[in-house]
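Please read the structure below before turning to the comments.
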Amino acid sequence: MLIDTHCHLDFPEIVADIPAVSERARQAGVERMITISTRVKKYDIYRGIAEANDNVWFSVGTHPHQAHEEPDTSAADLAALASHPRCVAIGEAGLDYHYDKSPRDVAARVFRTHIDAARRTGLPLVIHARDADEDVAAILRDEMGKGRFKALLHCFTASRMLAETGIELGLYVSFSGVLTFKNSAGLREIARDLPLDRLLVETDAPFLAPTPHRGKPNQPAWVAETARVLADAKGVSADEIASRTTSNALALFDKMPGLPA
Ligand code: NI
């Protein structure tokens with residue numbers, strides 16, 4: 001069994017077809033998925049998807065691209081919204097200096113508010129970090145010093161420094177279809193060297209479809225391709241990667257119920 005710990009089921013490529021997407025996922029061994037928020041104002045959409053599908057959970061938060069659209073959501077607001085029984089994470093939030101869609105100071109403030117919400121709720125923070133490794137690492141160190149929180153570096157494509165900082169601070173690292181790309185040898189070397197008890201897999205669907213589906217709209221079933229490449233990088237079987245990443249996901253997203261016996 002696999003868990004797709006990060007997808008965007010509300011996107012038009014998927015939302016009209018969730019029953020079929022779920023069925024294809026089940027056939028690939030992907031029994032659960034977490035649909036990740038990019039805007040607090042779309043909360044009711046994520047909540048509705050999770051309430052209508054017993055294999056879907058959701059998060060609440062503001063993506064760095066949208067930080068300037070909703071800069072004033074408080075940690076208390078996020079915590080209140082996260083009290084829904086199927087809301088299992090805060091985010092995604094973080095810094096993105098590749099696109100710079102929000103002013104950097106606004107994105108940093110919103111990121112810290114999400115960290116505060118993660119601390120208050122005990123839920124894991126889903127971190128988006130792109131071309132901002134130094135600042136993400138500095139904020140994580142600073143905030144961890146103020147009080148522990150749980151988090152993961154989602155769709156990890158950053159430097160070895162940021163991966164190692166995350167591991168040192170107790171974070172998890174999640175790999176997407178990027179791990180399968182031909183030109184991702186350096187990323188596979190980082191994956192090889194990270195502790196297996198901190199690794200997760202995700203699709204980030206509908207984005208970043210793995211090889212051999214690259215270029216198509218991604219779907220949760222294809223997290224199996226990323227898991228297969230991660231197994232190769234770690235030198236273990238696909239079954240072992242499935243069971244380890246699933247138990248890691250259940251340990252991190254611990255508001256999700258455990259597996260039936
Ligand atoms: Ni995402």
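The values are calculated or read from the model by the stated rules, or taken from the named source; none is laboratory data. All values reported here derive from a predicted model rather than from experimental measurement. Positions of Cβ are backbone-derived with ideal geometry, glycine not excepted, and every protein chain shown enters the neighbour counts. We work out accessible area using only protein heavy atoms, side chains counted, and drop any ligands, DNA or RNA first. Shrake-Rupley method; radii C 1.70, N 1.55, O 1.52, S 1.80 Å.
For the chain, the relative contact order comes to 20 percent (Cα pairs under 8 Å, sequence separation of at least 6).
Each label was represented as a point 7 Å from its Cα along the Cα-to-Cβ direction; for Tyr97 and Leu196 these points are 3.5 nm apart. Rolling a 1.4 Å probe over the protein heavy atoms gives the stretch 2-252 an accessible area of 38 Å² per residue. Largest mean-square fluctuation among Ser74, Ser174, Ser59, in a Gaussian network model of the chain whose springs join Cα atoms under 10 Å apart, belongs to Ser74. The accessible surface of the stretch 66-111, taken with every protein chain in place and a 1.4 Å probe, is 52 percent carbon and sulfur.
Heavy-atom accessible area for Thr246, with the other protein chains in place and a 1.4 Å probe, reaches approximately 10 Å². Asp44 sits with roughly 100 Å² accessible to a 1.4 Å probe, with DNA, RNA and ligands left out of the calculation.
A convex hull fitted around the alpha carbon atoms of the stretch 2-252 yields 111 Å³ per residue. Note on Tyr172: accessible area is roughly 40 Å² with a 1.4 Å probe, heavy atoms of protein only. So what is log10(I(q)/I(0)) for the stretch 21-136 at q = 0.13 1/Å, when the Debye sum runs over its Cα atoms only? Rounded to two decimals, the profile gives -0.49.
Taking a sphere under 13 Å around the Cβ of Lys146 and counting the other residues whose Cβ falls inside, with K and R at +1 and D and E at -1, yields a net charge of +2. Summary of the geometry: the stretch 1-59 and the stretch 158-185, compared by the centres of their Cα atoms, lie 23 Å apart. My understanding is that a pair violates if its Cα-Cα distance is over 22 Å; which of Lys182/Lys216; Lys42/Lys101; Lys101/Lys216; Lys146/Lys255 do that in this structure? Checking Cα-Cα distances, Lys101/Lys216; Lys146/Lys255 exceed 22 Å. Placing +1 on each Lys and Arg Cβ and -1 on each Asp and Glu Cβ, with no other charges, gives the stretch 2-252 a dipole about its Cα centre of roughly 240 debye.
Of all aspartates and glutamates in the structure, the ones whose alpha carbon falls short of 14 Å from that of Lys41, not counting any fewer than 8 places away in one chain, are Asp10, Glu69, Glu70, Asp72, Asp77, Glu92.
Extending 7 Å from Cα along the Cβ direction at Ala138 and again at Ser159 yields two label points whose distance is 1.2 nm.
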